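The values are calculated or read from the model by the stated rules, or taken from the named source; none is laboratory data. Only a predicted model underlies this, so the values are computations on that prediction, with no experimental measurement involved. Note: ideal-geometry Cβ built from the backbone for every residue, glycine included; neighbour counts use all protein chains shown.
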Amino acid sequence: MQISHKARQFTESVIRDMTRQAIQHNAVNLSQGFPDFAAPNAVKLAAQQAIQEDINQYAITWGAKNFRNAIAQKFLEWQKLEIDPDREVTVCCGSTEAMIASLFALADPGDEIIVFEPFYENYGPDAILSGAIPRYVTLYPPTSAGEDWHFEAAELRAAFNERTRAIIINSPHNPTGKVFQLAELELIRDLCVEFDAIAITDEIYEHILYEGALHISLATVDGMRDRTVTINSLSKTYSVTGWRVGWAIAPPEVTTAIRKVHDFLTVGAAAPLQAAGVAALSLPSSYYLDLAEKYTERRDLLLAALRHVGFQVFCPRGAYYIIADISGFKAGDDRAFARRLVQDIGVAAVPGSSFYKHPEHGAHWIRFTFCKTLETLNSAVDNLQRLRTQL
Ligand SMILES: Cc1ncc(COP(=O)(O)O)c(C=O)c1O
């Protein structure tokens, strides 16, 4: 069988595999980032109503007009940036498709794409599939409380060169919980301008923030309006990861290219769910406050439990993941540890190596998600007590 060179360069998603293992071993699944609680009722009702009203055929390929209008309206309200829903928005099948369609639209074989490491595992294969070469820049863990993960400016500068086509930024960041600060975004801006590169920002955790952390959309940073593709989706903010509705906001010329790629990749995202997306994006601001508050409670519960059983943990400032250091357990590397955790302890987590180009860099930690009900988290916490005797 002839397998393409591209497909041979990456493996199946480790995160999605951990979910299958969780099911197989009847373990509490704290691996894949999907909520196990209900989506907002108003949003579910809007989806039912849309199907009932026969919004069941293809929407306009780059997104239903009322949904694109709602996306532009929300961006204006929250980021104070006016965008043209007719020329600057492409609705896709999740931010996953928005990212790959953007890379297909922007990158040529041999181009380089800069990615911060650890990274959300899709970005590497995304870059490879687009023919580009990923270049990784390390995010270093905080060394004291109150600090966030950080990159070295000199290392970022060294990654840029005349072949750099784009840089991918994910803030709030999966898996570290880092929230990029204005000064960091300005540095990225300066380098993008100097090397004529474009920034692609994945902002799907924009509303999941802790202790007053502030999400700054890179497109709002001076000089970036016309060099940024802003990617977002309904998945995380409205707890509908299975709906597969996301979008890319980009300058008109880039949008035209993204729309062409998107059309031939998927034709369009589910029409009734785009209609429900209008209801989601129109929820009052109290919805987002409540979302962040509930996530704070879940985060604090899991952080305390992980510390209690012997992990060293990094406290996230955004998103819904915790990185935990497994060095204290002497139970092998991250993959061996995750295997024993799911098989013997009854909790599924993601091995840290799956977030790195060089697996050894993540071999001493694993990632837990806390986008689960308090009940689910408490049963994970109960199972984790076994760690003290069994590992
Ligand atoms: C950083 C990041 N981007 C994208 C995705 C996928 O999002 P979507 O469901 O919108 O495709 C995830 C899912 O975990 C993620 O963590």
Residues of the stretch 47-69 classified as buried (at least 20 other Cβ atoms within 10 Å of the Cβ) and hydrophobic (A, V, I, L, M, F, W, C), total: 6
Complete set of residues in the stretch 220-239 that are surrounded by 23 or more Cβ atoms within 10 Å (Cβ to Cβ) and closer than 15 Å to residue 193 by Cα: 228, 229
Long-range neighbours under 7 Å by Cβ, at least six apart or interchain, first residue under 18 Å from residue 66 (Cα atoms) and part of a helix (DSSP H, G or I) within the stretch 260-278, second modelled with pLDDT of 95 or more and polar (S, T, N, Q): 271/56; 271/57; 272/56; 278/66
The stretch 255-280: number of residues that are more than 22 Å from the chain's Cα centre (by Cα) and not polar (S, T, N, Q): 9
Residue within the stretch 296-310 that is assigned to a loop (DSSP other than H, G, I, E, B) and either within 16 Å of the ligand (Cβ to nearest atom) or modelled with pLDDT under 95 (or both) present: yes
Of residues in the stretch 161-184 being of a type in the set (A, V, I, L, M, F, W, C) and away from the ligand (no atom under 16 Å from the Cβ), the one surrounded by the most Cβ atoms within 10 Å (Cβ to Cβ): 182
Boolean, residue 341 is crowded, with 20+ Cβ neighbours inside 10 Å and touching a strand residue (DSSP E or B) at 6+ places or on another chain (Cβ under 6 Å): yes
Sole exception among (1) in a helix (DSSP H, G or I); (2) in contact (Cβ under 8 Å) with a residue 40 or more places away in the chain; (3) away from the ligand (no atom under 16 Å from the Cβ) for residue 87, by number: (1)
Residues satisfying the stated conditions in the stretch 260-280, i.e. crowded, with 22+ Cβ neighbours inside 10 Å and acidic (Asp, Glu): none
Matching residues, the stretch 177-196, being free of Cβ contacts under 8 Å to residues at least 60 places away in the same chain and in contact with a strand residue (DSSP E or B) (Cβ under 6 Å, 6 or more places away or on another chain): 192, 195
Residue within the stretch 33-46 that is surrounded by 15 or more Cβ atoms within 10 Å (Cβ to Cβ) and touching a strand residue (DSSP E or B) at 6+ places or on another chain (Cβ under 6 Å) present: yes
Restricting the stretch 240-259 to residues that are assigned to a loop (DSSP other than H, G, I, E, B) and within 11 Å of the ligand (Cβ to nearest atom), the residue that is surrounded by the fewest Cβ atoms within 10 Å (Cβ to Cβ): 242
Count of the stretch 93-112 residues which are outside any helix (DSSP H, G or I) and more than 8 Å from the ligand (Cβ to nearest atom): 6
Count of residues meeting criterion [more than 13 Å from the ligand (Cβ to nearest atom), assigned to a loop (DSSP other than H, G, I, E, B) and touching a strand residue (DSSP E or B) at 6+ places or on another chain (Cβ under 9 Å)] in the stretch 118-143: 5
Set 216, 204, 198, 188: member being surrounded by 17 or more Cβ atoms within 10 Å (Cβ to Cβ) and within 14 Å of the ligand (Cβ to nearest atom): 204
Meets criteria (within 26 Å of residue 60 (Cβ to Cβ), touching a residue at least 12 places away in the same chain (Cβ under 8 Å) and away from the ligand (no atom under 11 Å from the Cβ)) for residue 115: no
